[in-house]
Every structure is written in C-alpha cells, then in structure tokens.
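The next block holds one structure in the form of structure tokens; read it before the comments.
The values are calculated or read from the model by the stated rules, or taken from the named source; none is laboratory data. Since the model is a prediction, treat every value here as computed from it, not as a measurement. Here the Cβ positions follow ideal geometry from the backbone for every residue, glycine too, while neighbour counts run over all protein chains shown. These accessible areas exclude ligands, DNA and RNA; they are computed on the full protein's heavy atoms, side chains included. Shrake-Rupley method; radii C 1.70, N 1.55, O 1.52, S 1.80 Å.
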Amino acid sequence: MTTRQSRIKRATQIDVAAMAGVSTAVVSAVISSKPGKTIRVGKDAEKRVRDAMAALGYAPNVVAQSLAGGKRNIIGVFTYEAIFPSDSENFFYPFLLGIERGAMQLGQDLLLFTSSSFEQGPRSIFPNGANRMGVADGAILLGEEPDKSELKQLHDTGFPFVTIGRRDTKGADLNWVAADYVTAVSDVVDRCIAYGHRTLKFVGATKVREQNMDRETGFLKKQRNGLTLSVERVTAEDINADWLRKCLGDGNTVVLTETFKHAVALEQQVIAQHGSIPETISIVALAAPLNRSTDVERWTRISVPREEMGELAVRTLISRISNPDDAAIKATLPCGLVPGTTLTEI
C-alpha cells in the first residue's frame, strides 16, 4: 500500500450530512456562525449534525467554505511591534480584545500575522514583495511606528485596511480609528488651570508622529493671556538634575508628559533632589505605559478607550470592504481622565 493510499480520508460535509440524516445545506447552516442565515435548523437536527462532526473528526475548511460567496469573512490583524501583544499587560492587548469582540459581533474570523520579514528584523507586510495578508478580506494594523512606505504601497494595491491610530501618508488617503488626543489634552490643561496652575510645561518625545502632534496641538490650543505654556522635546534620559532645576526656575508648577517614560524620569529626578510629587511639581501623563505596572494607578493620566477603538476598527474595516469606493473613514473616540494623585491644587 502506498503512502497516499494509507492516509485517512478527510471527512467532508457530505459525510456529516449522511451520518446525521440531513442535507448538506443543513450542515452548512449549523457550521456557519454568520448572522442572517436563511435556513433554520431545529435543535434535534443541530445535535445530530454536531454529533456526526465529532464522530467523524470533521473540521470546517473556513477559507474554502467562504470563497463561494466571493469573500472569506476573515479579517487580518498585523502589528509592527517587535512582540505580538498577546500579554494582558501589553499596551496594545486591549485593542486585540476589542477587535475580537467586534469580529464576533459581525461574524468574522480573525487571522493574526505574527512573523517577521527576517530574523530579528522589523515586521513587514511585503517581506518578499507580495502582501502576506492577501488571504484575508482586509486587515487592521497596529503598532506605534508603522512603515509609511508600506502603508502607501498597501493603499495602492487596493487592499482594504484600517490603522489604529491616526496615520497621514503622502499620496494615500487612509482609513483610521484614533483617540481624540487634541480634546483630551485641552481638557487636561483646563483641569490644571482650575487647580490654579498658570505656568505649564509640555515635555514630549524627540520623534514626532501624528499622535505626538495631536497632544501638542491640544496643549497649545489653550494659549492665552495670563498663561505661560512652553513645549520642549527631549528624551527621557535628558531629564536630569540640571533640567529639573531649570524647569522649576522657569516657574513651572505642572508638567504634562507626552509619554509615561518621561513622567517616571521626571519623578525620579525630583526624588533624587529630595523633593516629591506633587508637592515639588505636579505631573500629568498624557499616555499609558507600554507595559502596565502596579504603580500606574496613582498617576494622573489620560485613559485611552483601547477596546472601543478595536471594536470600531472592525466595523470601519467591514464598511470599507463592503463599500470600497466610498471616501476614507477617519474616526476619533474621546479619552478619559484618571484623577490620580500626581496633580494638585496650588
């Protein structure tokens, strides 16, 4: 007997239907999780089908099953982060929870793209010149720093995708779902003013992406008589004793840090100079840490609706897949403010 002949034949829907005593259309209806099914299946028939599937070891071929309708009902999730956010402590993990929930609500399967273009190299959508995500109907892209050239290339292929986070790419009108940092930071400044602060400093990263610029825009939006607002972009490592002395010497009573790393660096310098937060100076973190720690709860900080953004990204992607010729969809969701204890009245 040859190797081919000795292989066990894979069970099909026809085999399941024969064992359960139903039509293949009933089997297909039981397997399908999509809303709006036209065939209603009774509980007894469904039980016979599922028992037959278990007895035969039948596993649906999702891709082949969905190709008949022209769409696979599979959406991809791709991240540019070095580690796929499968750890619940990772900043991007709640986005995945929201994406999963949105996919379930709309009867979509998820396909996670986790491989890299080369060992220990950056992830790439086009590692060999071809779109790795082509097996899906469309994709949601995650990551702090996407490759803009790849976004442009993906856009030009006509492949439907949505980025989580506002992304501006020359020559490509992209679909995205983002946090409304402009309004959130503007509201933080209002809170600081209500607490009596009049000299406020914004400290941001040296690399300016869309989300960085949105935070800065929200900060400067409140510039008016009676307030002194300043912006400085430095690395967290540049926040040393000399930097702190100048910051205090300039009369700043609160610092809004663009990243959580900057907030921690500032507090460490304050403590090193025998001060404390918020007694020496108040701090508001305008971002959550990339890896959550037990220490985060005491910080006054912006709260990003990450799960809601994940859900909205799915709905946006499905809309884009269904209506490919419509204008690009750009949506923002409001942030919250966690009061914490690092901002005080003066």
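May I ask you to derive the FRET efficiency for Val338 and Asp51 from their Cβ-Cβ distance with R0 = 51 Å, giving the value to the nearest 0.05?
Result of the calculation: an efficiency of 0.50.
Please work out how much accessible surface Lys148 shows to a 1.4 Å probe, ignoring ligands, DNA and RNA, in Å² rounded to 10.
Surface accessible to solvent at Lys148 totals approximately 70 Å².
For the pairs Lys152/Lys330; Lys222/Lys330; Lys261/Lys330; Lys207/Lys246; Lys221/Lys246, flag any whose C-alpha to C-alpha distance is greater than 20 Å.
Lys222/Lys330; Lys261/Lys330; Lys207/Lys246; Lys221/Lys246
Sort 49-58, 279-288, 208-217 by the packing proxy (mean of other Cβ within 10 Å over each peptide's residues), most packed first.
Ranking, from highest mean packing down: 279-288, 208-217, 49-58.
Note down the relative contact order for the chain as a percent, whole number, built from C-alpha pairs under 8 angstrom at least six residues apart.
Relative contact order, the chain: 18 percent.
Rounded to the nearest 500 deg cm²/dmol, what is the calculated helix-only ellipticity per residue at 222 nm for the chain, with -39500 (n - 2.57) per DSSP H run of length n ≥ 4?
-11000 deg cm²/dmol
Please report, in Å, the Rg and the Dmax of the chain, where both are computed over Cα atoms only.
26.0, 91
Is the range 234-300 best put as rounded, prolate or oblate by its Cα gyration tensor, with a ≥ b ≥ c the root eigenvalues, rounded for a/c under 1.5, and otherwise prolate when a/b is larger than b/c, oblate when not?
It is prolate, given that a/c is not under 1.5 and a/b is the larger ratio.
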